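J.: One structure, pasted below without further comment.
The values are calculated or read from the model by the stated rules, or taken from the named source; none is laboratory data. Computed from a predicted structure; not experimentally measured. Here the Cβ positions follow ideal geometry from the backbone for every residue, glycine too, while neighbour counts run over all protein chains shown.
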Amino acid sequence: MGAPMSSLFFLLLLLLLLPPSLSMASKPPPPTPSEWPLQFHSLIWYNRTGVLQKVELWYDFINGRNLNIIEEQLTNHVLYDVEWDNGTSFYYTLDPYQRECDVKHFPVGILRPNWLHGATYLGQRMVDNFLCNVWEKVHFIRYYEHVATKRPVKWVFFEGPPGYTAHVMTFEVGAVLDDPNWQAPVYCFTDEAKKENPNPKIASLQSLIMTWISLWKTATV
Ligand SMILES: *[C@@H]1O[C@H](CO)[C@@H](O)[C@H](O)[C@H]1NC(C)=O
Ligand SMILES: *[C@@H]1O[C@H](CO)[C@@H](O)[C@H](O)[C@H]1NC(C)=O
């Protein structure tokens, strides 16, 4: 073996013996968002450019259903949005003096637990006083997850009203709403509700909710 050959051999040996962290620039992969629990109950404050909403979310992937109970600040208007995984959604009120119901069909079912899959990691921020990992999904939503507990803290939609922001107040993993509460009222299945004067505030709230939920579903399938 000539001198150049043996030094090459020595170099190769050195490369093999070095720990990989020294021989390659290694960077840990960016964190990925936690999947949503298969069943949970959450109380969420939404701020859409100054209009505040209280939303109770019952996510129940196991039974293929999702419910949003939406109330705008000091209006006494409560809108129920029951979504089924077969694509049917019911929007209704339960006020005996304001019986309204609308049934819509979406091409996709409820959000998958891994709907954040493939989101782009943006780093860490302090939001609502919690240190969070931040991701963005298809320029549609920015999502903040508490580093320590992996619970969602906040999300912001870019579509719809500018700065449509959710602040998660409670997050009860495993909480399930009883079956009777998922049943749409009888006037969803007759024409009776359509005969009454629809409340324009509820109608505009419903069209807003419908728009962002359908965007949310289609942006994240
Ligand atoms: C709601 O959002 C607006 C900006 O769109 C902000 O000025 C206001 O302080 C927010 N209100 C609350 C209660 O977070
Ligand atoms: C979807 O499921 C709900 C609840 O079982 C039902 O009321 C609705 O009619 C179904 N929709 C379709 C298109 O089958």
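J.: Of everything in region 41-55, what is among the hydroxyl-bearing types (Ser, Thr, Tyr) and either in contact with a helix residue (DSSP H, G or I) (Cβ under 7 Å, 6 or more places away or on another chain) or assigned to a strand (DSSP E or B) (or both)? Give them in sequence order.
T.: Correct list: Ser42, Tyr46.
J.: Moving to a separate point now. Suppose we filter region 53-74 for residues that are within 16 Å of ligand 1 (Cβ to nearest atom) and either of a type in the set (Val, Ile, Thr) or in contact with an Asp or Glu (Cβ under 8 Å, 6 or more places away or on another chain) (or both); how many remain?
T.: First, the residues of region 53-74 that are within 16 Å of ligand 1 (Cβ to nearest atom): 53-55, 71-74.
Filter again for either of a type in the set (Val, Ile, Thr) or in contact with an Asp or Glu (Cβ under 8 Å, 6 or more places away or on another chain) (or both), leaving 53-55.
Number satisfying all stated conditions: 3.
J.: Among (1) within 16 Å of ligand 2 (Cβ to nearest atom); (2) out of contact with any strand residue (DSSP E or B) (no Cβ under 8 Å at 6 or more places or on another chain); (3) at positive phi, there is one condition Asn86 misses while meeting the rest; what is its number?
T.: Of the numbered conditions (1) within 16 Å of ligand 2 (Cβ to nearest atom); (2) out of contact with any strand residue (DSSP E or B) (no Cβ under 8 Å at 6 or more places or on another chain); (3) at positive phi, the odd one out for Asn86 is (3).
J.: Right, next: Take Pro37 and decide whether it is at negative phi and modelled with pLDDT of 95 or more.
T.: yes
J.: Does Trp58 fit the bill of being within 16 Å of ligand 2 (Cβ to nearest atom), part of a strand (DSSP E or B), within 18 Å of the chain's Cα centre (by Cα) and aromatic (Phe, Trp, Tyr)?
T.: Here the answer is yes, as Trp58 does meet what is asked.
J.: Within region 165-185, can one find any residue that is within 16 Å of ligand 1 (Cβ to nearest atom) and small (Gly, Ala, Ser)?
T.: Within region 165-185, one or more residues are within 16 Å of ligand 1 (Cβ to nearest atom) and small (Gly, Ala, Ser).
J.: Next question, about the same structure. Enumerate the pairs (first residue in region 33-52 and within 24 Å of Leu208 (Cα to Cα) and within 9 Å of ligand 1 (Cβ to nearest atom); second residue anywhere and among the basic types (Lys, Arg) and assigned to a strand (DSSP E or B)) with beta-carbon separation below 9 Å, excluding pairs fewer than 6 apart on the same chain, so at least 6 apart or on different chains.
T.: Listed pairs, sorted by first residue: Trp45/Lys54.
J.: Only one residue in Ala166, Ala184 is farther than 22 Å from Arg48 by Cβ, of a type in the set (Gly, Ala, Ser) and surrounded by 15 or more Cβ atoms within 10 Å (Cβ to Cβ), so which one is that?
T.: Ala184
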